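The values are calculated or read from the model by the stated rules, or taken from the named source; none is laboratory data. Note that the coordinates shown come from a computational prediction; the quantities given were computed from them, not determined experimentally. Neighbour counts run over all protein chains shown; Cβ positions are idealised from the backbone, glycine included. Each accessible area value is taken on the protein alone, full model and side chains, heavy atoms only, with ligands, DNA and RNA left out. Shrake-Rupley method; radii C 1.70, N 1.55, O 1.52, S 1.80 Å.
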Amino acid sequence: MSDMTGFVRSGSFVVAFAVLDDRSGACDPNDEVLVAAPNWAGAARLMREQGYRHVPKQPARMKPDQDSVALALKTPGVVYRRKWAAGEEWQAMDTAEREGE
């Protein structure tokens, strides 16, 4: 799913977006993942720290919507997730949440 990634630059941050496997084994096991970081490599590292294993090294051309960008910029370094294409609200993740799975 490397083509389902992207970012926008805002000041000294990029807001990175990716659709990634959530490891659930369900029929449609994908999460939308969002995070603000200084660069794509930093954002990818934060996503991996939350348990996402196949984060591409380079982003593609998708762009997160403006509301998502604004949310991520309020709390740089916080990884947000929601089920892909489900219309859910973004949920902040923390390390304990992923370790408990």
Quick count over region 13-37, residues being open to solvent by 20 Å² or more (accessible area, probe 1.4 Å) and modelled with pLDDT of 95 or more, is 1
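Going by the structure shown, is V78 at pLDDT 95 or above, β-branched (V, I, T), within 21 Å of D3 (Cβ to Cβ) and open to solvent by less than 50 Å² (accessible area, probe 1.4 Å)? Steps first, answer last, please.
Working: at pLDDT 95 or above: yes; β-branched (V, I, T): yes; within 21 Å of D3 (Cβ to Cβ): no; open to solvent by less than 50 Å² (accessible area, probe 1.4 Å): yes.
Here the answer is no, as V78 does not meet what is asked.
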For E101, only one of the following conditions fails: (1) more than 17 Å from M4 (Cα to Cα); (2) acidic (D, E); (3) at pLDDT 85 or above; (4) not in a helix (DSSP H, G or I). What is its number? (3)
Which of the residues that make up region 42-72 are farther than 15 Å from W90 by Cβ and open to solvent by 70 Å² or more (accessible area, probe 1.4 Å)? R45, R48, E49, R53, H54, K57, Q58, R61, K63
